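A.B. asks: Here it is: the structure, laid out below.
The values are calculated or read from the model by the stated rules, or taken from the named source; none is laboratory data. Computed from a predicted model, the values in this text were never measured in an experiment. Virtual Cβ from ideal backbone geometry, glycine too; neighbours counted across all protein chains shown. In case anyone asks, the SASA skips ligands and DNA or RNA and just uses the protein heavy atoms, side chains included. Shrake-Rupley method; radii C 1.70, N 1.55, O 1.52, S 1.80 Å.
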Amino acid sequence: QDQLIQQSLQATQQNETQRILQQSLNREKELNQLKSQFVSTVSHEFRTPLTGISTSVELIQHYLRHVPDNLVPPAIGRHLQAIIRKVQSLDELIGDTLTISKLEAGKVEVHWEDTDLVAFCEAMMEVTLGERADGRRVDLNVEGTPVRIKVDKKLLGHILLNLLGNAFKFSTRNPSLRISFEEHQVALLVRDEGIGIPADQLDQLFGKFFRARNATAYQGTGLGLVICQDYTYLMGGRLEVVSEEGMGSSFTLTLPKSVPDQEPKGDWQARN
Ligand code: ADP
């Protein structure tokens with residue numbers, strides 16, 4: 001009888017622990033959702049005046065085109081360009097903050113689409129190149145037998161644009177993209193021969209707002225890779241880096257050939 005009492009006591013304790021755990025998980029979810037709502041409202045409030053500033057700068061630039069050059073001090077053009085850059089970086093920061101708060105609140109859903117990966121990567125390369133005017137290209141090569149796989153195009157597109165964007169930003173040479181179709185997975189390797197990442201800072205690379213000491217002169221938010229890593233995780237993949245300071249960096253994104261049975265959920269914060 002003692003044993004029975006003992007067992008029933010244990011069961012009650014387990015139930016109680018489970019209930020408390022569930023309660024605190026629900027509370028955390030609620031708090032994350034409130035935070036996400038707050039970030040979303042504040043972000044929209046920030047974006048409205050930023051749009052106003054951009055429009056005003058464009059109007060000033062338009063008027064200046066009609067004023068004879070000798071009447072416009074050259075410093076004005078430089079200051080206007082500086083305002084444009086600052087507005088762009090604030091806008092990027094707001095966009096990334098919004099995305100991260102959505103991820104934290106578990107609000108990012110994966111929409112799988114059957115995709116011709118090579119064509120998709122080529123399209124993303126075009127988008128990246130369209131944003132640049134320095135004549136550089138991406139060297140593409142494909143290994144193995146290309147097959148269609150299911151990915152979320154929005155998430156994958158975001159990751160590729162970010163990795164390629166960084167490969168251009170932190171290097172003066174052409175970056176390369178290698179797509180390898182392996183037995184069970186596809187590996188996308190973005191490689192550059194740029195500034196690389198200091199060895200003692202590599203372990204912080206996927207942390208929020210991380211910017212390496214050799215990258216402070218470059219524009220950026222330090223949030224891009226956090227988002228890339230989470231998007232990769234949502235698609236059941238992995239994102240890994242190999243880098244050497246002064247030599248370059250390689251980011252490998254590995255995706256399963258078949259859609260994972262169950263989408264990874266929930267432990268966003270545990271991983272960050
Ligand atoms: P951002 O580029 O906006 O700063 P990221 O999250 O994409 O944000 O990158 C974080 C930091 O990681 C960068 O500031 C830089 O220090 C480092 N980094 C990322 N990609 C590269 C790269 N290809 N080469 C060198 N450093 C990189």
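To keep it simple, each residue is scored yes or no on (1) without any contact (Cβ under 8 Å) to a residue 24 or more places away in the chain; (2) surrounded by 15 or more Cβ atoms within 10 Å (Cβ to Cβ); (3) more than 7 Å from the ligand (Cβ to nearest atom).
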{"position": "Ile197", "(1), (2), (3)": "no, yes, no"}
{"position": "Gln201", "(1), (2), (3)": "yes, yes, yes"}
{"position": "Asp230", "(1), (2), (3)": "no, yes, yes"}
{"position": "Glu240", "(1), (2), (3)": "yes, no, yes"}
{"position": "Glu245", "(1), (2), (3)": "no, yes, yes"}
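A.B. asks: Okay, moving on. Examine the range 165-172 for a residue that is in a loop (DSSP other than H, G, I, E, B), away from the ligand (no atom under 11 Å from the Cβ) and farther than 17 Å from Leu103 by Cβ, and state whether such a residue exists.
C.D. replies: Going residue by residue through the range 165-172, those that are in a loop (DSSP other than H, G, I, E, B) are 170-172.
Retained after the next criterion (residues that are away from the ligand (no atom under 11 Å from the Cβ)): 172.
Next, from what is left, pick out any that are farther than 17 Å from Leu103 by Cβ: 172.
Yes.
A.B. asks: Another one. In a loop (DSSP other than H, G, I, E, B), open to solvent by 80 Å² or more (accessible area, probe 1.4 Å) and modelled with pLDDT of 90 or more: which single residue out of Arg78, Arg137 fits that description? Break it down stepwise before answering.
C.D. replies: Details: Arg78 fails: in a loop (DSSP other than H, G, I, E, B).
Step by step, each of Arg78, Arg137 is checked, and only Arg137 is in a loop (DSSP other than H, G, I, E, B), open to solvent by 80 Å² or more (accessible area, probe 1.4 Å) and modelled with pLDDT of 90 or more.
A.B. asks: Give the range 215-228 a look and list any residue that's touching a helix residue (DSSP H, G or I) at 6+ places or on another chain (Cβ under 9 Å), more than 7 Å from the ligand (Cβ to nearest atom) and open to solvent by 40 Å² or more (accessible area, probe 1.4 Å), or say none.
C.D. replies: Gln219
A.B. asks: Please specify each residue of the range 141-164 satisfying the condition of being surrounded by fewer than 21 Cβ atoms within 10 Å (Cβ to Cβ) and within 11 Å of the ligand (Cβ to nearest atom).
C.D. replies: Once the filter is applied, which keeps residues that are surrounded by fewer than 21 Cβ atoms within 10 Å (Cβ to Cβ) and within 11 Å of the ligand (Cβ to nearest atom), the range 141-164 yields Leu161, Asn162.
A.B. asks: Is there any pair with a first residue in the range 13-39 that is among the polar types (S, T, N, Q) and a second that is part of a helix (DSSP H, G or I) whose Cβ atoms are under 7 Å apart and which are 6 or more apart or on different chains, and what are they?
C.D. replies: Asn32/Glu104; Ser36/Ser101; Ser36/Lys102; Ser36/Glu104
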